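The values are calculated or read from the model by the stated rules, or taken from the named source; none is laboratory data. From a predicted model like this one, the values you see are computed outputs, not experimental measurements. When we count neighbours, we look across all protein chains shown, and the Cβ atoms used for this are built from the backbone with ideal geometry, even at glycine. With ligands, DNA and RNA removed, areas are computed over all heavy atoms of the protein, side chains included. Shrake-Rupley method; radii C 1.70, N 1.55, O 1.52, S 1.80 Å.
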Amino acid sequence: MKKLRLSFLILIAISVIGLGIVIKNGCGAVVPSAKTTTTTTKKTTTTAKTTTTTTTTTISTTTTTTTTTTITIPIKSIPIAGGGYHTIALDTTGKVWTWGYNTYGQLGIGTPIDPNMSSYRGAPVLVSQETGLTSATAIAAGGWHTLAIRSGDGTVWAWGDNSFGQLGTGTIDPSSVPLQVTEFSNVAAIAAGAYHTIALKNDGTLWAWGNNHYGQLGDGTTTDRYTPVQVRNKNLTPFTGVVAISAGGYHNIALKSDGSLWTWGANSDGQLGTGTTVESHTPFHVTQEVVGQPPNLEVRPFTEEVIALAAGGYVDYERFTVAVKIDSTVWAWGYGLSGQLGNAYDQYRYLPCQVVNEDFSPFTGAAAVAAGGSHAVALKNDGTVWTWGSNYGGQLGNGTASFRNTPTPASVADNTTIIAAGLSHTIVMKSGGTIWTCGSNEWGQLGIGDADSQVHSTPTQISWP
């Protein structure tokens, strides 16, 4: 099977490090009347895990109210990830397991790489430890490449396709076993797109390598890079203060410690949320959102209170972005013709718009999101899983193969703790560590024992070490 470089693929990976999010204009402050003068001061203290914002509002009547808002993003890896046609998981001992499509060595099991000979594994297999990746703390899956952060030193290890240098080894040679990214360590989180990789260091700086045709490496150029380069602001100063990242096919999204959202790379479907379809070669600050329903739409400032994010879409189309705010509402933008924006209207949106229920009320209660090729997944605080968008493989997990343009509950028990999405499949992990999958399985990416062309519309538990 020839690689489908210009038709399918995406990988979504969401990664978080333990820095606090400062919520601007926090709840609880006294609202002054029209004739009242207000003086506001803020004191921010940042630890490894928590940021505390203290806001003192003084009203001319000498009434003073002080509120403290503390938001903690836990330091944890996401132990499951979906690629184009493969899946990766991290067990409790740090061992890395993979299954699905393997023609380009993306499973990391040392099999010969021959693009003219398709290969796959329909059940979890242990990634080779012979080259030094004996234990990992975080993982990510790209279109046809896979990554892990090694325990202890924060080095990044990569394997699979390397056509654009996405393995970060200084060459374009593929590998069927993990190889260490050149002279790169102290990494806290990783994410992988179609043919590029981004990594977040412990100091809050962001680095990228691989394909850069649309500026997705964020270094201000469109030059492919075979080793890590630093993501920079428009004035080419280092882009810093990052706490979470996600990579789509050719675009990225990052969350800063102040709750602000930044995007860069391809933008043909409006997936950057800039209000246009112009690509950006450095991070762009998302500052506006759309509220209401057609034809009564209102553009207003984007409230910078994001706590979770995901970038999705095919390589060349259906690209979109999803985010969760501190109030547990979900927002999406970009391509929407398959319902993946969840706003009840199958249209493009070039600015963030709110995901709604079938009755147009706001969809709330979300704690995390994942994005696939043309579908989205949300995990609510009560442990339930909700999905929307394309469903041709059964990836919504609701027992049907019909697309949905508003969230629908997936047929999985209420104790889900982690969610992930590949091109056309969905992966969830329950509180006991069991893994359940649904969607397309043509290359064994569901891990249920073999490959097939059936629609798997109900999540099935896999045999997991």
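In a residue-by-residue description of region 307-324, the property of being among the acidic types (Asp, Glu), in contact (Cβ under 8 Å) with a residue 60 or more places away in the chain, over 14 Å from residue 270 (Cβ atoms) and buried (at least 18 other Cβ atoms within 10 Å of the Cβ) applies to no position.
For region 388-396, the criterion of being farther than 23 Å from residue 451 by Cβ and surrounded by fewer than 24 Cβ atoms within 10 Å (Cβ to Cβ) is met by no residue. Scanning region 221-267 for residues that are assigned to a loop (DSSP other than H, G, I, E, B), surrounded by 17 or more Cβ atoms within 10 Å (Cβ to Cβ) and of a type outside the set (D, E, K, R) returns 231, 239, 241, 248, 249, 250, 257, 259, 260, 266, 267.
Okay, residues lined up against (1) within 14 Å of residue 102 (Cα to Cα); (2) of a type outside the set (Gly, Ala, Ser); (3) under 23 Å from the mean Cα position of the chain (by Cα):
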{"position": "142", "(1), (2), (3)": "yes, no, yes"}
{"position": "153", "(1), (2), (3)": "no, yes, no"}
{"position": "157", "(1), (2), (3)": "no, yes, yes"}
{"position": "161", "(1), (2), (3)": "yes, yes, yes"}
{"position": "165", "(1), (2), (3)": "no, no, yes"}
{"position": "170", "(1), (2), (3)": "no, no, no"}
{"position": "176", "(1), (2), (3)": "yes, no, no"}
{"position": "181", "(1), (2), (3)": "no, yes, yes"}
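I'd like to check something: does region 326-344 contain any residue that is within 18 Å of residue 252 (Cβ to Cβ), touching a Lys or Arg at 6+ places or on another chain (Cβ under 6 Å) and open to solvent by 20 Å² or more (accessible area, probe 1.4 Å)? Yes, region 326-344 contains at least one residue that is within 18 Å of residue 252 (Cβ to Cβ), touching a Lys or Arg at 6+ places or on another chain (Cβ under 6 Å) and open to solvent by 20 Å² or more (accessible area, probe 1.4 Å). Residues in region 194-217 that are free of Cβ contacts under 8 Å to residues at least 60 places away in the same chain and at positive phi: 210 alone. Selection of region 92-106 for residues being open to solvent by 10 Å² or more (accessible area, probe 1.4 Å) and either among the basic types (Lys, Arg) or within 22 Å of residue 424 (Cβ to Cβ) (or both) yields 95, 97, 104. Would you confirm whether or not region 189-200 contains a residue that is open to solvent by 10 Å² or more (accessible area, probe 1.4 Å) and modelled with pLDDT of 95 or more? Taking every residue of region 189-200 in turn, none turns out to be open to solvent by 10 Å² or more (accessible area, probe 1.4 Å) and modelled with pLDDT of 95 or more.
Can you tell which of 276, 263, 282 is over 21 Å from residue 241 (Cβ atoms), touching a residue at least 24 places away in the same chain (Cβ under 8 Å) and polar (S, T, N, Q)?
Numbers: 263 fails: over 21 Å from residue 241 (Cβ atoms); 282 fails: over 21 Å from residue 241 (Cβ atoms).
On inspection, the qualifying residue turns out to be 276.
Scanning region 147-166 for residues that are surrounded by 21 or more Cβ atoms within 10 Å (Cβ to Cβ), touching a residue at least 24 places away in the same chain (Cβ under 8 Å) and in a loop (DSSP other than H, G, I, E, B) yields 161, 165, 166.
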